[in-house]
Amino acid sequence: MMRLWRRLRSSPAASGYLLLLLGIIVNILVQGPDFFTSYNFNSLLAVNAPLVLAAIAQTVVVLTGGIDLSIGSNMTLVNTVAIALANQGHWPVGASWAVALVAATLVGVGNGLMVAYLRIPPLLATFASMSVVGGIALWVWPKPGGMVPPEIYTAYGAPFLGVPVAGWIIIAVALLWLVVSRLRVGTYLRAVGGRERSAYASGINTAAVKFFAYTFCGFITGVAGLCLTALTASGDPKIGLLFGLNSIAAVILGGSSLAGGWGSVGGSIAGALFLGLINNIVFFLFRNFVSQIQSLTSVASFYQQLLANLIVIFGLASAALTQRGEAGSGPGRRRRGGTQHV
Amino acid sequence: MLQAQHISKHFGGVTALKDASLSLAPGEIRALLGANGSGKSTLVKVLGGLVAPDSGTIFLDGKPLAINSPSDARSHGIAVAYQDLSLVPRLSVAENILLGREPCRRPGFVDTRKVRSRAAELLARLQVDASPDDLAGDLEPAAQSLVEVAKALAWEPRILILDEVTASLHHDQVQHLFALLRAMSQKGLAILFVSHRFDEVFSLCQTAVVLRGGESVASVQLDQVDEADVVYHMTGTRPEKYQAVTAGAQSEAEREVVLAVTNLQVPPRVRGVTLTARAGEIIGLAGLQGQGQAEFLRAIYGQIPFGGGRVEYGGAAVAFASPREAVRRGIGFISGDREREGILPVRSVTENLFLARLAKKRLVTILNPRLLQDEARRQIKQLRIVAGSAGHPASSLSGGNQQKLIIGRWLAVQPRLLLLDDPTKGVDVSARREIHDLLRQMAAAGTAVLISSSDNEELLAIAERIYVFYEGEIIAILQGSEKTEEALVAAMLGMKQTRPKEGA
Amino acid sequence: GCGGSKGTAPDASKTGQAGQAEKTAKKSGFNIALLDGTNGNAWRIQMEQNMQQVADKLKSQGIISNYSVYVANNDATTQAQQMDQLINSGVDAILINPVSATALAPVIDKAVSKGILVMAIDQHISHPKVISVTTDQYEWARIQAEWLAKQLNGKGDILQFDAIAGAPANEVRHQAFADVLAKYPGIKVLKQVNMDWDEGKAKQLMTSLLSTYPNFDAILCQDGAAVGIINALQEANHPLPKAITSDEWIAYLRLWYDINQKNPNNPLNAIIVENPPGIGADGLMIAVNLLQGKKLKDGVLTSDPMDKANKNAIMIKPTLIITNENLKEWYEKTKDKPDTYYIDSVLSPEEIDKLFQ
Amino acid sequence: MSKINLNWRHNQIFMAGLIAVALFIVGGLVNASFLSPTNIGSILSMAVLLGFAAAGQTLVVIAGGEGIDLSVGAVMSLGAVLAAQTMAGQNSNIVPALLLVILSGATIGLFNAAGILYARVPPLVMTMAMANVVTTIQLIYTHGSPVGMPAPIIAFIGSRRLFPFLPWLVVLGFIILFLMQFILRRTVYGQQLYAIGSNYNAAYLAGVRAGTVKGIAYILSGILSSLAGFWLIAYNNFVFVNMGAAYVLPSVAAVVIGGTSLAGGEGSYTGTLIGSVILTALASLLVVLHTDEAGRQIINGLVLILLLALYTRQPAIRQ
Ligand SMILES: Nc1ncnc2c1ncn2[C@@H]1O[C@H](COP(=O)(O)OP(=O)(O)OP(=O)(O)O)[C@@H](O)[C@H]1O
Ligand SMILES: Nc1ncnc2c1ncn2[C@@H]1O[C@H](COP(=O)(O)OP(=O)(O)OP(=O)(O)O)[C@@H](O)[C@H]1O
Ligand SMILES: [Mg+2]
Ligand SMILES: [Mg+2]
């Protein structure tokens, strides 16, 4: 037990798992036994899969010390391209979705070129591409509409072998990451994020590694965009707006360091699910308890947001504090023996 | 086997190398010598592929060799252990050692077990006090240096380049490393060795190339020259017979006690240290790496809390909660880890010089930049800091000059007590002498100086009294005639032939 | 019948909702929830407050037992999650002011199949089984554009300020503007820009436009843009347009009134057409009637211009129109309201009754 | 020749200035009236607003440690709301309004600082979460309907001009520029801010109250952003919720385009103001281009990429 705890604490994902656990417990408290219904699981996973996948994508670039603000726009682009081709271009759904996935990967390629080869700071490069990609999405599909065949969206939310399809998609992408992280490039991603100069001096083609990270991020963002499309069953040029910043929050909640080189996809998945659970907790708290309080009802909707935001801050703070003393950044680093560089 | 000819390199306006040449034969151990900033590291980086030379050619086995990236260099059998290290702090030691060279199972999949075992093997060979699973950033500097060497060795190179890897190593570690290097060179490995410690250079290397101002000015057989000759090549002048500035002529008893430490405990490293420092004294702290010297200094300075014991400063018991409090009370601190704890790399020389002085002022104080500039210029002249101008960023200075800058920082506030944690790490002979002079000057002006060093020669030369640390305690106090190299080394290794006189 | 309309558009009152209401068979004690996409602006807050008042009244009459509000912070997936949770927690009706006009379709399917009444308010939802109660945005924009064209006698150069590209209401209005202007070939749109429902941005846009397009005759704009536009023009000492449109923001009404007070001989020629936040309360009352089993009259349901395939919209035509003729009257009427208030109107019980058989 | 190295930082400001001028010239080519004094004045006053929003941002970015403040927009909005309500159109209320605005900004900055220093939350996410909280508080406080308006004097400064090309707001901008540069270059605080941004540990060990200096940067950022909100209602002459929301990411862009390194330790407010002029001129230029919203966003992004590729490129590792 102690050993497990110590191992957990030395892993970047610790905070993510702990928060998720805490979130689940609180959720059970406010929601009651309904939490355990399969309907609830299916629904939670289906709704939150896009954010979970976006968080995985974000983790890959955060590991290299980068950041991708364009994930939201990119998901929108996937959504609009998939819908536009199928509904306006009358392409087969499979083909249009494949093209959308390619488009997302190309956005990743563009970001990769800017960050790795033009060496523009990632925050700025992806801020600029956010504008370009958002503009293209608006051009592709200027207003909400279109639809996805019902088979797809019912299948997306339905269980398969006890796990909802959305869950399987997360599992598949997580497995894909597991494969990548076992490859050399998996270590190189962390090496580049940990200290780019050292990685380069060790003979690693750091530019190629970063390029790979953004491209891979683009691809996973594409999958996230397709999940979003399956979830919403329609096209909307503003649909992805919030995924960029939310995915960053999920990654931090999951214990990764924005400085790079330290983080885990597992933690990010947990972080994203925690964000999803917050919505649920707040929902049931207000549905089951607060709505009974007469004096509060007229302003309830404000306090829902306030509460959700405060929980997020609490989560961020505890995520940061869990990392304290471990090999995180900042002054609290533990050193083995010798000079204590506080 | 390896020949570098007429290499030049400019960084913006700075000439790091001009027409430097070097050759290396199989089985040869050659030293690359030069003052701080003479271009040694730059030449090493050119060979390692980290720096693209402006001109010049490199030949390997007589054929011209294009080194366009570190991986080019490595694929040709050139491996480098860098002065500023090439470790990734948050990768494990094993991952670091085999970074870029991971053994793979099926195509592309890293064989983590093999990575660990290869790393463990190398760690054992170098006798590094670290496990393959530790994070590199958690290691002490000496272990990091050795991991850096292990990392170079992992490439099984034909040419091994070591850039000041011994700077933070202790005597015994250095001896072990040298034994290994000699054995490998006998099997045909060519080694290029960079160090500022002449004893090491003379004991390990057969030949040496000396750089001065980026130019290779001499190539010598080390058994045919002496230290003075080498210094002549490095600086262009013969070292003058060296006049120590003597501290105040007062007898010990007359000098006021500045610092009195009784039974100080800083778990887990310091386990009861008692020590007294008087105004005008220079006191040395010796010991192998990690015997508690650093923690001792930092605990006094308020950077880390101490667990037990008593620190009296200026007659009153103190326990500073932060360096700031110590600074306000007239204490200064200089770390040998310039990059992490010393300079402000992108700020100007002036700003670096006045950092400590401004730290004592209130935040709302208004500055007169003219005045600061003028005074900075005066100080630069006085300290003989080589800098483009007072406005140049500190990162444009060479290592030795950066360290002088930091000493100047404290000179400007004239502390009553100055603590130095291995301050001349990687500083060349002449700069080191100048730094010693500065410390003597400060002592003469009444400052009590407490200096820990990994360099025994330095301590013997500068300290009036040397406290030897062993496993967190003082095992010996050397002064006067007891202050000999042999006594010091023996005490450092834990042989109690000199009883501590104080404390107890 | 489909109120005489041709075509095969499915009629929401037949396909789902009406039948559902019969099943419920209860007349009171309804459990109703509102999913608001955001409460981040004055209009929405006023809408929520109106609905709360109606709900409180209905509660005291025992007609509804529970009324709760959930906001989604402009996140369509959060709204889907809230809806999904509501489905299982025993609500009779869900009113939605959607984040996205289309994104909720799968959860709406689920809700409807469970017999829950789903109704969109303010913004249309393109779903055959959802009745949308909205202000007739097309009509709103049409009135404005027609008025503007008339003021210009069908000839002139205009600037057009839209809101956020891609937002449903914006797209309907944009369409209506375009349809009307197509009838007046003499009117030329010099420049169309998007002010993103940000009054500050409207001002900056107008400022930027002035250098290149100083010679325009009139301005066609949505919502609060007019305040920023007028401000920008006044600061640049640029003559005010021959005509300008807007909605019923009190801040603007007062600005307009002040301008007229200062230049009685040359009043600002403007029009306000209402887009009342009360639409939410209308929706709530209609929903309660549907739950009680009442049936909509033939012809009440029409097709939203964004969703021609369905006949699922109750579009309340804007009736309040303010021009220079009745400006003073409305200025006096709203004297005690804050600047950001919107002149409101809610359908009376009689008007609601008129919608039902 | 070593001047080149020394002036690298200044070069970036110089480059930014050149680009700003180039944008105006392009604007003039597209349409000659783009260069009319009035239009230049208009662009400058909009740029000054962005510059105010980016003032606090400049400080926290210089402070280093991944410093960034994404709560700028929310704090501006709150400042605007409080300013309008307190001033209520009366000159006599200016001082209380200013005090309240400063106090509220400082409070939020304090919370940011606490989260960053004590809970050690990375600034990016800490300030992002804080922005959400502040926005909600603003809504709860106003119920979406903020009241009041700027005092006549303030509105005058915010929207009138000394000369056609010189709005009063720009004069104010110069004063703020002077103050900011004074704080950064001529006070102990400014020097220490650069010091902790350049090397936090070194500054701490030299006796600098590193945590305090950093914390003050976030508090100042709160105050400056709140004051930016104050001038935002002065400029707009009316108040609504979330007025500042659109300024968040542009404020970061302005800081970086102005030559302040995201790594901390260097930068200047002069650069930030020039960066603001570039962004504002670009936006203004896009408005008059013949394209729809989608095209505008695409061109905006592409031009940004071009600008960034021109001179915010990081040095190669291999030198
Ligand atoms: N990246 C760089 N940018 C600018 N100047 C540099 C750079 N690297 C080295 N220099 C300069 O080039 C010169 C040679 O530096 P180098 O590091 O090679 O010296 P060194 O001989 O290794 O000194 P030391 O003994 O202090 O390590 C110095 O003046 C240094 O300031
Ligand atoms: N190396 C660093 N680089 C950048 N920021 C750092 C660094 N180290 C610490 N910080 C920041 O400073 C914060 C506080 O550090 P610390 O607790 O050491 O403050 P402090 O110096 O003790 O301040 P004070 O003495 O005024 O309380 C950390 O959480 C981190 O955000
Ligand atoms: Mg060197
Ligand atoms: Mg502290």
Could you check, for the stretch B:13-25, whether at least one of its residues is buried (at least 23 other Cβ atoms within 10 Å of the Cβ) and either in a loop (DSSP other than H, G, I, E, B) or within 14 Å of chain D (Cβ to nearest Cβ) (or both)?
yes
Among the residues of the stretch D:267-306, write down those that are more than 7 Å from chain A (Cβ to nearest Cβ), among the β-branched types (Val, Ile, Thr) and part of a helix (DSSP H, G or I).
D:Thr270, D:Thr272, D:Ile274, D:Val277, D:Ile278, D:Thr280, D:Val287, D:Val288, D:Ile299, D:Val303
Could you tell me which numbered condition D:Val61 fails, if it satisfies all but one of (1) part of a helix (DSSP H, G or I); (2) without any contact (Cβ under 8 Å) to a residue 24 or more places away in the chain?
(2)
For the stretch B:311-344, which positions are within 12 Å of ligand 2 (Cβ to nearest atom) and either without any contact (Cβ under 8 Å) to a residue 12 or more places away in the chain or outside the structural domain of B:Leu420 (by the TED database) (or both)?
B:Arg340, B:Glu341
Would you confirm whether any residue within the stretch A:176-190 is closer than 21 Å to A:Ala270 by Cβ, in contact with a Gly (Cβ under 6 Å, 6 or more places away or on another chain) and surrounded by 19 or more Cβ atoms within 10 Å (Cβ to Cβ)?
yes
Looking only at residues in the stretch D:115-128 that are in contact (Cβ under 8 Å) with a residue 12 or more places away in the chain and among the hydrophobic types (A, V, I, L, M, F, W, C), which one is nearest to D:Ala245 (Cα to Cα)?
D:Met128
Qualifying residue in the stretch D:239-247 (condition: away from chain B (no Cβ under 13 Å) and within 16 Å of ligand 2 (Cβ to nearest atom)):
no
Note on the stretch B:305-354: residues of a type in the set (Lys, Arg) and more than 21 Å from B:Val386 (Cα to Cα) are B:Arg310, B:Arg324, B:Arg328, B:Arg329, B:Arg340
C:Asp198 is checked against (1) more than 8 Å from every other protein chain (Cβ to nearest Cβ); (2) buried (at least 21 other Cβ atoms within 10 Å of the Cβ) and fails just one. What number does that condition carry?
(1)
Being in contact with a Cys (Cβ under 9 Å, 6 or more places away or on another chain) and surrounded by fewer than 24 Cβ atoms within 10 Å (Cβ to Cβ) narrows C:Gly299, C:Gly293 down to just C:Gly299
It is to be established whether one or more residues within the stretch B:97-104 are modelled with pLDDT under 90, on the phi > 0 side of the Ramachandran plot and either surrounded by fewer than 22 Cβ atoms within 10 Å (Cβ to Cβ) or within 22 Å of the chain's Cα centre (by Cα) (or both).
no
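Determine which member of the set B:Glu325, B:Glu312 is more than 11 Å from every other protein chain (Cβ to nearest Cβ) and among the charged types (D, E, K, R).
Only one candidate passes the filter, namely B:Glu312.
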Tally time: how many residues in the stretch B:14-60 are touching a helix residue (DSSP H, G or I) at 6+ places or on another chain (Cβ under 8 Å), within 16 Å of ligand 3 (Cβ to nearest atom) and closer than 29 Å to B:Met184 by Cα?
13
Considering each residue of the stretch D:159-197, count those that are in contact with a Pro (Cβ under 9 Å, 6 or more places away or on another chain) and within 14 Å of chain B (Cβ to nearest Cβ), and give that number.
2
Looking at C:Asp92, C:Asp36, which one is buried (at least 22 other Cβ atoms within 10 Å of the Cβ), modelled with pLDDT of 80 or more and within 26 Å of C:Asp298 (Cα to Cα)?
C:Asp92
What helices (runs of 4 or more DSSP H), lying completely within the stretch D:106-217, carry at least 3 residues that are among the basic types (Lys, Arg) and within 16 Å of ligand 4 (Cβ to nearest atom)?
none
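Of all the residues that make up the stretch B:344-369, how many are within 16 Å of ligand 3 (Cβ to nearest atom) and either more than 8 Å from chain D (Cβ to nearest Cβ) or within 18 Å of D:Tyr189 (Cα to Cα) (or both)?
If we filter the stretch B:344-369 for residues that are within 16 Å of ligand 3 (Cβ to nearest atom), which is where we start, we get B:345.
Checking which are either more than 8 Å from chain D (Cβ to nearest Cβ) or within 18 Å of D:Tyr189 (Cα to Cα) (or both) leaves us with none.
Here the count works out to 0.
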Number of positions in the stretch C:78-110 that are closer than 23 Å to C:Leu291 by Cα, touching a residue at least 40 places away in the same chain (Cβ under 8 Å) and at the interface with another protein chain (Cβ under 7 Å from one of its Cβ atoms):
1
Within 11 Å of chain A (Cβ to nearest Cβ), farther than 27 Å from D:Ala155 by Cβ and surrounded by fewer than 22 Cβ atoms within 10 Å (Cβ to Cβ), is that true of D:Ala253?
no
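Filter the strands (runs of 3 or more DSSP E) completely within the stretch C:109-220 down to those with at least 1 residues that are closer than 25 Å to C:Lys242 by Cβ and not charged (D, E, K, R).
It comes to C:156-162, C:187-194.
Residue-by-condition table, conditions (1) modelled with pLDDT of 95 or more; (2) within 19 Å of D:Gln319 (Cα to Cα):
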{"position": "A:Ser181", "(1), (2)": "no, no"}
{"position": "A:Arg184", "(1), (2)": "no, no"}
{"position": "A:Leu189", "(1), (2)": "no, no"}
{"position": "A:Glu196", "(1), (2)": "no, yes"}
{"position": "A:Tyr200", "(1), (2)": "no, yes"}
{"position": "A:Ala207", "(1), (2)": "no, yes"}
{"position": "A:Ala213", "(1), (2)": "yes, no"}
{"position": "A:Cys217", "(1), (2)": "yes, no"}
{"position": "A:Ile220", "(1), (2)": "yes, no"}
Selection within the stretch B:199-215 - assigned to a helix (DSSP H, G or I) and within 16 Å of ligand 3 (Cβ to nearest atom)
B:Glu200, B:Val201
Could you please find all residues in the stretch A:239-259 being over 9 Å from the mean Cα position of the chain (by Cα) and buried (at least 24 other Cβ atoms within 10 Å of the Cβ)?
A:Ile239, A:Gly240, A:Ile252, A:Leu253, A:Gly254, A:Gly255, A:Ser256, A:Ser257
Which residue pairs have Cβ atoms under 6 Å apart, sit 6 or more places apart or on different chains, and have a first residue in the stretch B:397-412 that is away from ligand 2 (no atom under 16 Å from the Cβ) and a second that is among the acidic types (Asp, Glu)?
B:Gly400/B:Asp428
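The values are calculated or read from the model by the stated rules, or taken from the named source; none is laboratory data. None of these values were measured; they are calculated from a predicted model. Methodologically, a virtual Cβ is constructed for each residue, glycine included, from the backbone with ideal geometry; neighbour enumeration extends over all protein chains shown.
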